[in-house]
Amino acid sequence: MPSFRNAALLLALLPPGGWAQESVTQALDGCIAEQQRAASVKGAALGALGKLGSALLSRRQEPREERRSEGRQLTLSVGGGASMGLASAWFKAAGACYEQHPDWIPASQLQRGADYARAIAETGYRPETGPLLLLRALDMPSRVRAGESLEIRSAFVLLTPQGDEAEVLIERRLFAIADGKEQALAFTGHARETRVLAPGESLDLARLPIPKEVPVGVAYRYEFSVAAAGLPARMLSATVQVE
């Protein structure tokens, strides 16, 4: 049974959890494809009904030349939002799949950076001033090609007078910029989560897939915000353009 031996060998070579992750990825890809097919069918049906209703109404109320002009304007308006549609379609589908299967959402990659003593030295923090929350960095490439995935790295510092742990609210937001408009999208990860963190520096790594159908010129804006210890939220934003 050579095929069985080959499968067993492949399974043995996969890292711990690798087989499960591959299975989730395949299931997610299938779900996204199905959501996009359903959206296309629905959009086509609504578009056909809308055009039919407009055509019938125009024939009843307007002269022939005006009907032709209206038809041309309708065609232009339908094509005008094409870039935003392509920029957002994959993320809408992914968001719907994550709502149906929350266990598919990728785990956050939040790691420890500089410890409490080092963070105090680097910031010149004085405990008598109360808690301190700083967003240090948000690093993301400024350009990306469709079909690629980019890494987004953020860093923040939380310091408390007694060196106590604190509850931290982390939010990650994504927006598409196309056709002169900005539209909120579902983030491909945990968009909002609460963590109890030790004081010091924390590093966050997020990944943003760029769908292969996204046209050149579309941009995506990412926001990373942190709130803790009763302090106002701190937020940084960065934008990447598809080329």
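The values are calculated or read from the model by the stated rules, or taken from the named source; none is laboratory data. Only a predicted model underlies this, so the values are computations on that prediction, with no experimental measurement involved. Note that we place each Cβ from the backbone using ideal geometry, even for glycine, and neighbour counts take in every protein chain shown. With ligands, DNA and RNA removed, areas are computed over all heavy atoms of the protein, side chains included. Shrake-Rupley method; radii C 1.70, N 1.55, O 1.52, S 1.80 Å.
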Check your understanding: Looking at this structure, is residue 218 crowded, with 19+ Cβ neighbours inside 10 Å, in contact with a strand residue (DSSP E or B) (Cβ under 8 Å, 6 or more places away or on another chain) and within 27 Å of residue 96 (Cα to Cα)?
Key -> yes
Review point. In this structure, does residue 157 turn out to be part of a strand (DSSP E or B) and touching an Asp or Glu at 6+ places or on another chain (Cβ under 6 Å)?
Key: yes
Revision key, fill the gap. Scanning region 22-40 residue by residue, those surrounded by fewer than 13 Cβ atoms within 10 Å (Cβ to Cβ) and either of a type in the set (Val, Ile, Thr) or over 21 Å from residue 85 (Cβ atoms) (or both) turn out to be 22, 23, 25, 26, 30
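Let's see how each residue does on (1) open to solvent by less than 70 Å² (accessible area, probe 1.4 Å); (2) under 20 Å from residue 154 (Cα atoms); (3) of a type in the set (S, T, N, Q):
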{"site": "107", "(1), (2), (3)": "no, yes, no"}
{"site": "111", "(1), (2), (3)": "no, yes, yes"}
{"site": "115", "(1), (2), (3)": "no, yes, no"}
{"site": "130", "(1), (2), (3)": "yes, no, no"}
Exercise for review: Out of the residues in region 67-121 that are of a type in the set (Asp, Glu) and over 20 Å from the mean Cα position of the chain (by Cα), state the one that is modelled with the highest pLDDT.
Suggested key: 115
Exercise for review: Scan region 108-121 residue by residue and report those that are of a type outside the set (Ser, Thr, Tyr) and touching a residue at least 40 places away in the same chain (Cβ under 8 Å).
Suggested key: 109, 110, 111, 112, 113, 114, 115, 118, 119
Point to revise | Exclusive hit being open to solvent by less than 40 Å² (accessible area, probe 1.4 Å), in contact with a Pro (Cβ under 8 Å, 6 or more places away or on another chain) and not aliphatic (A, V, I, L, M), set 200, 230, 189 | key: 189
Practice item. Filter region 177-196 down to residues that are in contact (Cβ under 8 Å) with a residue 60 or more places away in the chain and in a strand (DSSP E or B) and give me whichever is nearest to residue 29 (Cα to Cα). Key: 185
Review point. Of 153, 172, which residue is open to solvent by 70 Å² or more (accessible area, probe 1.4 Å) and either modelled with pLDDT of 95 or more or more than 16 Å from residue 107 (Cα to Cα) (or both)?
Key: 153
Practice item. Check whether at least one residue in region 109-118 is of a type in the set (Lys, Arg), out of contact with any Asp or Glu (no Cβ under 7 Å at 6 or more places or on another chain), assigned to a strand (DSSP E or B) and within 30 Å of residue 94 (Cβ to Cβ), and report yes or no. Key: yes
